[in-house]
Amino acid sequence: MAKRVLLVAWDGADWDILDPLLAAGELPALAALIGRGRRGVSRSCLPSHSWAAWPTFLTGRDPGWHGVFDILEYRPGAMRRMPVSSRSILAPIWPDRLSEAGKTVLLLNIPLTYPPPAIRGVVIAGGVVPPRTTYSYPAEVGQRLGWPINGGSWTTFRHRPDDFLADLEGLTRRRAAAMRTLLDEEPWDVACMVFVSTDRAQHCLLEYVHPGHPEYPEASTSPVAERVRELYRLLDQELGSLLERADDDDLIIFMSDHGHHPCTRAVSMNKVLEELGFLRFAPGSRLVNLLSWGRVRSVARVVYDRLGLHGRIALPTPPIAWPQTRAYTSVVSTGEGVSVNLAGREPGGTVDRADYERVRDEVAQELLDFRDPETGRAPIGGVLRKEEVLSGPYLDRAPDLLLEAAPLYSLSHARQLVEKADWLSGDHRPEGVYVMAGPTVAHGSGPEISLADFASQIAEAVGLEPEAEWSPTADGEPGDAFSEQDERAVEERLRGLGYLE
């Protein structure tokens, strides 16, 4: 049994990016950790975006058990859906269980921990946090530490890499300083910190650090590339400063919730479904596109406010003509999920249950057969039926089909059917990273593990038996977390992060 557990995560970190930096000597702290421990691949859940992945990390369960599949909640029978929050997670989380067992936990910047849970220890909420709200537990801790909420909105800094990197560097320094203060001043059995700068930078600056990106040979020699590498050097420096606060008999875990792959082309999944004859847009869709994209965006946002379109978010947007729609994109944040417009399940359902399997099979095959009109390549690399990869009491809320992007494609961030990626150069893939080091950890290469495995490993390391105590809940419903004003602020923040177009 370890004395304590210190876990540091780099959201979206990927060995294909880290290994060249390690080989060049750019990441000495991470290299030293690998040298005294075990490294391997941590496979994310499906969908593999952060909003489903971090609840999987917190619960040790796949999304069919915790109920979070997208940036917007699925509530049975509801056409309008709210942004997800910590109250959307419908299975027990390990910080609560450890607290109940008398363990003290520091939990900083884990996405989807707003509102912060009241645990034995300290929580500073991660993910999207409404301004002027209580984002830490105890309430005064966040302000006392000078914690910066939000930031790192990569779409907000479109084509301004220097300003964007400066923003990420500031966030990284301030958040690492807060974590050091807590490690020094607070008792802790488990301390967990997530840096999101990697994920944010890799979405729009991946060509500078990923050898698999077609633009890498030229981009990697540019001044911007040196700034991006400096961000990784800063992250490594801050990692080292946190590791210095652990003892030899502590378990150290370094990990990511998913990886990243290069992108040069982007897809609008609802427009693909429209092209294939499964979906029809309603009047008003052109206006919504205008408000979300292009050079008129700044003017259009004023119109957006005057029309009162903020707040409660219709799924999906742009508006859909539901009576003429048989399938729609149900993971709007990343395009990784498509669902049948099923009668009796969806408020505007058109497909009878007797026809469900036939329609789902038809949609799956048509998606696999779809080709990029410009390149002739298939943007969708794989289609899985939900029961092939998910289980649990919330399986019926899951996307009926889970999609995997083909190499060099993103299944979101496009305003046209398929187009050249604009300010997007990387998107999620399931293969993340992990490194473990401690008194009982063997050295060398480790096996591939699941993102869900970390919950039990943390619990077992401090002497708990998780499976005996963590019986999953069922028949739960998300709790309300946002006022109407908060919803508006959260929606705008999600647009800045590229999760809503």
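The values are calculated or read from the model by the stated rules, or taken from the named source; none is laboratory data. Quantities reported herein were computed from a predicted structural model and do not represent experimental measurements. A quick note on method: Cβ atoms are made from the backbone with ideal geometry, for glycine too, and the neighbour counts reach across all protein chains shown. Note: areas computed on protein heavy atoms with side chains; ligands, DNA, RNA excluded. Shrake-Rupley method; radii C 1.70, N 1.55, O 1.52, S 1.80 Å.
Annotation note: of Gly152, Gly146, the sole residue that is more than 28 Å from Asp427 (Cα to Cα) and either open to solvent by less than 30 Å² (accessible area, probe 1.4 Å) or modelled with pLDDT under 95 (or both) is Gly146.
Where strands (runs of 3 or more DSSP E) sit wholly within segment 417-501, none has at least 2 residues that are at pLDDT below 85. When the residues of segment 207-219 are narrowed to those that are in contact with a Ser or Thr (Cβ under 7 Å, 6 or more places away or on another chain) and either open to solvent by 20 Å² or more (accessible area, probe 1.4 Å) or free of Cβ contacts under 8 Å to residues at least 12 places away in the same chain (or both), which ends up farthest from Ala178 (Cα to Cα)? It comes out as Pro214. Of the listed requirements (1) at pLDDT 95 or above; (2) open to solvent by 20 Å² or more (accessible area, probe 1.4 Å), Pro283 misses just one: (1). Quick test of your reading of the structure: Glu238 fulfils all but one of (1) of a type outside the set (Val, Ile, Thr); (2) surrounded by 19 or more Cβ atoms within 10 Å (Cβ to Cβ); (3) outside any helix (DSSP H, G or I). Name the failing condition by number. Glu238 satisfies all of (1) of a type outside the set (Val, Ile, Thr); (2) surrounded by 19 or more Cβ atoms within 10 Å (Cβ to Cβ); (3) outside any helix (DSSP H, G or I) except (3).
Residue by residue, here is whether (1) over 27 Å from the mean Cα position of the chain (by Cα); (2) over 23 Å from Gly67 (Cα atoms) holds:
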{"site": "Tyr328", "(1), (2)": "no, no"}
{"site": "Ser333", "(1), (2)": "no, no"}
{"site": "Val338", "(1), (2)": "no, no"}
{"site": "Pro347", "(1), (2)": "yes, no"}
{"site": "Glu366", "(1), (2)": "yes, yes"}
{"site": "Glu374", "(1), (2)": "yes, yes"}
{"site": "Lys386", "(1), (2)": "no, no"}
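Within the set Gly308, Gly277, the sole residue that is small (Gly, Ala, Ser), open to solvent by 20 Å² or more (accessible area, probe 1.4 Å) and at pLDDT below 95 turns out to be Gly308.
Within the option set Cys192, Cys204, being over 16 Å from Trp423 (Cα atoms) and either open to solvent by less than 10 Å² (accessible area, probe 1.4 Å) or of a type outside the set (S, T, N, Q) (or both) holds for one residue only, Cys192. Within the option set Asp355, Asp396, being over 19 Å from the mean Cα position of the chain (by Cα), outside any loop (DSSP other than H, G, I, E, B) and at pLDDT below 95 holds for one residue only, Asp396. Only residues that are part of a loop (DSSP other than H, G, I, E, B), among the basic types (Lys, Arg) and farther than 30 Å from Val209 by Cβ were counted across segment 241-282, and they come to 1. Scanning segment 388-419 for residues that are aromatic (Phe, Trp, Tyr) and either under 25 Å from Trp65 (Cα atoms) or open to solvent by 10 Å² or more (accessible area, probe 1.4 Å) (or both) yields a count of 1.
Filtering Ile110, Ile119 for residues that are at pLDDT 95 or above and surrounded by 24 or more Cβ atoms within 10 Å (Cβ to Cβ) leaves a single hit, Ile110. What about Thr334, is it of a type outside the set (Lys, Arg) and out of contact with any helix residue (DSSP H, G or I) (no Cβ under 6 Å at 6 or more places or on another chain)? For Thr334, the condition - of a type outside the set (Lys, Arg) and out of contact with any helix residue (DSSP H, G or I) (no Cβ under 6 Å at 6 or more places or on another chain) - is met. So which pairs qualify, if the first residue must be in segment 118-129 and part of a loop (DSSP other than H, G, I, E, B), the second must be surrounded by fewer than 24 Cβ atoms within 10 Å (Cβ to Cβ) and among the β-branched types (Val, Ile, Thr), the Cβ gap must be under 8 Å, and the two must be at least 6 apart or on different chains? Filtered contacts from segment 118-129: Arg120/Thr104; Val129/Ile149.
Rundown of residues vs (1) closer than 21 Å to Gly240 by Cα; (2) open to solvent by 10 Å² or more (accessible area, probe 1.4 Å), yes/no style:
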{"site": "Ala9", "(1), (2)": "yes, no"}
{"site": "Asp14", "(1), (2)": "yes, no"}
{"site": "Pro28", "(1), (2)": "yes, yes"}
{"site": "Arg36", "(1), (2)": "yes, yes"}
{"site": "Leu46", "(1), (2)": "no, yes"}
{"site": "Ala53", "(1), (2)": "no, no"}
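Selection over segment 220-235 of residues that are in a helix (DSSP H, G or I) and open to solvent by 60 Å² or more (accessible area, probe 1.4 Å) gives a count of 4.
The set of residues in segment 332-354 that are buried (at least 20 other Cβ atoms within 10 Å of the Cβ) and either under 17 Å from Arg385 (Cβ atoms) or not acidic (Asp, Glu) (or both) comprises Val332, Ser333, Thr334, Gly335, Glu336, Gly337, Val338, Ser339, Val340, Asn341, Leu342, Val351.
Residues satisfying the criterion are absent from segment 155-177 (criterion: in a loop (DSSP other than H, G, I, E, B), open to solvent by less than 20 Å² (accessible area, probe 1.4 Å) and without any contact (Cβ under 8 Å) to a residue 40 or more places away in the chain). Take Arg158 and decide whether it is within 25 Å of Val462 (Cβ to Cβ) and among the basic types (Lys, Arg). Taking the combined requirement at face value, the residue does not satisfy it.
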